[in-house]
Structure formats: structure tokens, C-alpha cells
1. Restricting the search to the stretch A:68-81, which residues are exposed (fewer than 15 other Cβ atoms within 10 Å of the Cβ) and either over 19 Å from A:K147 (Cβ atoms) or in contact with a helix residue (DSSP H, G or I) (Cβ under 7 Å, 6 or more places away or on another chain) (or both)?
2. Among the residues of the stretch B:46-98, what is the count of those that are outside the structural domain of B:G18 (by TED's automatic domain parsing), acidic (D, E) and under 22 Å from B:A23 (Cα atoms)?
3. Go through (1) away from every other protein chain (no Cβ under 14 Å); (2) surrounded by 20 or more Cβ atoms within 10 Å (Cβ to Cβ); (3) in a helix (DSSP H, G or I) and name the single condition A:S51 misses.
4. Does A:K45 meet the test of being more than 14 Å from chain B (Cβ to nearest Cβ), in a helix (DSSP H, G or I), surrounded by 13 or more Cβ atoms within 10 Å (Cβ to Cβ) and charged (D, E, K, R)?
5. Quick one: in the stretch B:146-191, which of the residues that are among the small types (G, A, S) and within 14 Å of chain A (Cβ to nearest Cβ) is farthest from A:F63 (Cα to Cα)?
6. Hey, any hits in the stretch B:163-180 for a residue that's closer than 16 Å to B:F44 by Cα and of a type in the set (K, R)?
7. What number of residues in the stretch B:100-111 are closer than 13 Å to B:I90 by Cβ and in a loop (DSSP other than H, G, I, E, B)?
8. Tell me the helices (runs of 4 or more DSSP H) entirely within the stretch B:128-203 that contain at least 2 residues that are of a type in the set (A, V, I, L, M), exposed (fewer than 15 other Cβ atoms within 10 Å of the Cβ) and modelled with pLDDT under 95.
Amino acid sequence: MDIDRIDQIIDKHHGEASSLIQVLLDIQSEHHWLPKEALDRVGEKLQVPLSRIQHIATFYKAFSLVPKGRHEVHICVGTACHVRGATRILDTVEEATGIKPGETDLDLKYSLETVNCLGCCALGPVLEVDGKVHGKMSPVKTADVLKNYE
Amino acid sequence: MSEILLQIDGKEVKATEGMTVLAAAQSAEIAIPTLCHHEKLEPFGACRICIVEVEVRGWTKLVVSCVYPVEENIIVRTRSEKIDRIRKTILELLLAHAPDSPELQALAGEYGADKDRFEKEASFCIHCGLCVRYCAEVTKKNAIGFVDRGIRKEISFIPEIASKECNDCKECFPLCPTSYLQAAFVLTQALAFPYPQQSYGDC
């Protein structure tokens, strides 16, 4: 982890304590998680106690205190997707990646999460990889989508 | 600071602007039960046990007295059938988390709360935030904070800070209504900064 890069992010937000969440979001999107050293640095520079940073970092699901994979796979298991076969999509992804929801593989390639609705129920079952939505999924199509990621 | 007149339990009470209903009641020696309130700390409104009925222009509403500012001519009732019932339920819910807390048991006796009404889910912490707020606002050490949210919310010491500050302070210990804080500290200490050659007495 590059501490200068963390400093750059902090400076981009003018080192204001009120920008804490924005700073954390930037670090999260760059590293895919919030390393301890980064949080220490943020606390020091923004003059925010670590207990507060920890509170915020554990409160929001957007933040992670453990390393996440390069690609974040979200599978919708909301009602509409569920009845359209989200379970089969989930099984396919679990088989292809070898991880269960909430986990990250050893190569830090994928992190898998289930979500409760992505808001595009007409496209169900829905799979989202790195923010890109893949609709009307089938197990075969799911495997094809995953092949596109390195 | 203008003076405000209000009525609490039929008694005329004088208060100043910006005071809370709880503070006004306390100044008139009217007891309202509290769990998360502490005179040195900012109001938090976490435990809801200080709930009271407030009548404003004929309309009655339920408010939490520790965060509700006084208003002119309001009528406050600190005990009523409804209030007692709400406090009883709050206590029963809290007792599911901390069934052996003496503070909760004393209140439970007063309000007739049954500690076995809800299935036990002994997390021991009732999230009053006294330790967290005391550490942040009074001692300004920030050695302890909340983590996570909702049903998974809990208190957590920051080992780096706690190892330096807590052994000589421990001012938050007597504040905890359930003794969970002490347990959390001992656990953190055992995991993160064990005492060298700690003496355990002659037991």
C-alpha cells in the first residue's frame, strides 16, 4: 500500500474532517478495502479519532476492513430474481469461483455477495459484476460472463 | 435566556430556554428513570426509558425527555398507565440482553417487568453509549467506540489506544449498567496487550 497515494486522496478533499466518508470511499474504490495503515493515516491527517473511523467503516456496507477481490460479483436474490432462478445462478457462480457469499478467493480475483434487490426486476435473474448489470441470466450465460474477467 | 413555565406532574416548574424536559424535572426533584443519561455528557436518547407524555395545546404526544427541549405551557406527565406500560416493555427488551444487570432489575421491580418475557439473547450490552461517549467527550481518549450496526452493533476497544490509556483511567467502568464493559476490556486486554506478570491475588 502506497502511503503517498493515501495522502493524495486526503489532500484532494482538502484534509477536512467532514470529508471523512468521501476519503474512505476513494480509498475503498482504489484498494478494494481499507487497510489499517490507511485508516491510521486518515485519522492522523483529518484529526478524527480511530474509534470514529472504525464506527463508520463498519457501519456502511460499501466499506470493507478485509481485502476484497478485483471483481465484485453481486447476485440478486430478491423476490423477482429468486422466482426466476437466482439460486441456480448463485450455484453456478459458487462453483466457478469456489467461494460462498461474503467470501473472497485466494487470488483476490472475485468477491461474492448476495443483494436483496438491484431495482431492475424485469431483467431477473440479475448478476452484477463491478457495477455492470447482466440481466436475464441462465447458468450457461453466467459462466460466459465470468470468463470475461481477469 | 428567557424563563419558561411548564407543568410537570401537576407541579409548576420554571426552566430556562434550551433546557430539556428531563433537566427541568430533575431541577424540580421529580424523578424520571434514565439509563443512558449522564450529566457530563451530551444527551443521547438511546435507551428511551425516560419517555414521558407531553401535552401541547391539548394534543398529547410521547417524547423522550432527555432530548426534548422545554416549551412554554406544556403539560408533562412522567407516570401514567401508558408510560408505565411502555417502560415495562423497554425494560423487558433490555433484560433479554442483560438479564442480571442490577440497575435493570431495580427498574424492572418498579415497573413490573418480567425478565423472562422475551427469549434471552445475552449480548450484555444495552447500547447506552455511556462508555463510548464518556471516553470521547470527557476523557477525550477515544479508546472505545461502536462497531457495526443494527442487531450486530457492539462496543469495541481500539487496542493501540486502550493499551496506553485504559489501565490508568477506567473512569467509564462504574458507568456501565451491565458490567459488559469490564468484560469487553478484559477480553481486549487478554488478546491485545496482556499484562506482564499480572498478579491475580491469592485465590
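1. Within the stretch A:68-81, the first condition is being exposed (fewer than 15 other Cβ atoms within 10 Å of the Cβ), and the residues that meet it are A:70, A:79.
Within the stretch A:68-81, just A:T79 meets the criteria.
2. 1
3. The one condition A:S51 does not meet is (1).
4. Numbers: more than 14 Å from chain B (Cβ to nearest Cβ): yes; in a helix (DSSP H, G or I): yes; surrounded by 13 or more Cβ atoms within 10 Å (Cβ to Cβ): yes; charged (D, E, K, R): yes.
Answer is yes for this residue.
5. First, the residues of the stretch B:146-191 that are among the small types (G, A, S): B:150, B:156, B:162-163, B:179, B:183-184, B:190.
Adding the requirement that they be within 14 Å of chain A (Cβ to nearest Cβ) leaves B:150, B:156, B:162-163, B:184.
Values: B:G150: 16, B:S156: 18, B:A162: 24, B:S163: 26, B:A184: 25 Å.
Among residues in the stretch B:146-191 that are among the small types (G, A, S) and within 14 Å of chain A (Cβ to nearest Cβ), the one farthest from A:F63 (Cα to Cα) is B:S163.
6. No: the stretch B:163-180 contains no residue that is closer than 16 Å to B:F44 by Cα and of a type in the set (K, R).
7. 0
8. Numbers: elements: B:130-133, B:159-165, B:180-192.
Hits in the stretch B:128-203: B:180-192.
The values are calculated or read from the model by the stated rules, or taken from the named source; none is laboratory data. Owing to the predicted nature of the structure, the values given are computational and were not obtained by experimental measurement. Note that each Cβ is placed from the backbone with ideal geometry, even for glycine, and that neighbours are counted across all protein chains shown.
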